[in-house]
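S.K.: Quick one: this structure, given as structure tokens, is what I'll be asking you about.
The values are calculated or read from the model by the stated rules, or taken from the named source; none is laboratory data. Every value quoted in this text rests on a predicted model; they were computed, and no experiment measured them. When we count neighbours, we look across all protein chains shown, and the Cβ atoms used for this are built from the backbone with ideal geometry, even at glycine.
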Ligand SMILES: [Zn+2]
Ligand SMILES: [Zn+2]
């Protein structure tokens, strides 16, 4: 997934990349969520152009993830449609303070700043793989939920409450004050 800097002009140039086997191997080693996804579902569209000395990269990552819902534990498919934009400044003689960023600049010809919207580039050939991996990583939900109103599992019998009432009684403290008393008890004892 290489971008040739010399080919870029002032007007956007679109390129489309597929997730090749090498990229997929690296990305899925780092992102276990890709393990059950299909590489052929993933596609990267990149619009790139010059802005004076800088380079602008924008585009979208499309794909499909298969995740486990954190509430009901069912697996579900999540279509990804994650757009990105980053402005890269010429690195010149500068070297990033962070060793990881310095290594990326040397290896890929680009590195990102603190956020994913700015960075530096060097050379005529940019390897976009690790950058696109970062975009995918940010698109993966930290707490996957199959749907907003997923009812999850019954804490008593483990039944999927999306499928209907299981009949268990809700285990609730009698009053909010009872719960507070229970919380305070240990420290009360400590003081006496
Ligand atoms: Zn769920
Ligand atoms: Zn139940």
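S.K.: Taking the stretch 1-35 only, how many residues are assigned to a loop (DSSP other than H, G, I, E, B) and surrounded by 13 or more Cβ atoms within 10 Å (Cβ to Cβ)?
M.R.: Matching residues across the stretch 1-35 total 5.
S.K.: Taking the stretch 148-159 as the search range and keeping residues that are in contact (Cβ under 8 Å) with a residue 60 or more places away in the chain and more than 10 Å from ligand 2 (Cβ to nearest atom), which one is nearest to residue 65 (Cα to Cα)?
M.R.: 150
S.K.: Shifting gears a bit: Here is a check on your reading of the model: is residue 137 within 16 Å of ligand 2 (Cβ to nearest atom), surrounded by 13 or more Cβ atoms within 10 Å (Cβ to Cβ) and at pLDDT 90 or above?
M.R.: Against the criterion (within 16 Å of ligand 2 (Cβ to nearest atom), surrounded by 13 or more Cβ atoms within 10 Å (Cβ to Cβ) and at pLDDT 90 or above), residue 137 does not qualify.
S.K.: Right, next: Sort out which residues of the stretch 121-136 are farther than 22 Å from residue 60 by Cβ, touching a helix residue (DSSP H, G or I) at 6+ places or on another chain (Cβ under 6 Å) and assigned to a strand (DSSP E or B), and write them in order of number.
M.R.: none
S.K.: Counting only residues that are in contact (Cβ under 8 Å) with a residue 24 or more places away in the chain and assigned to a loop (DSSP other than H, G, I, E, B), which one in the stretch 93-108 is nearest to the chain's Cα centre (by Cα)?
M.R.: Only one residue fits best here, namely 96.
This table checks each residue for (1) in contact (Cβ under 8 Å) with a residue 12 or more places away in the chain; (2) more than 16 Å from ligand 1 (Cβ to nearest atom); (3) surrounded by 16 or more Cβ atoms within 10 Å (Cβ to Cβ).
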residue	(1), (2), (3)
38	yes, yes, no
48	yes, yes, yes
58	yes, yes, yes
67	yes, no, yes
70	yes, no, no
77	yes, no, no
81	yes, yes, no
85	yes, yes, no
90	yes, yes, no
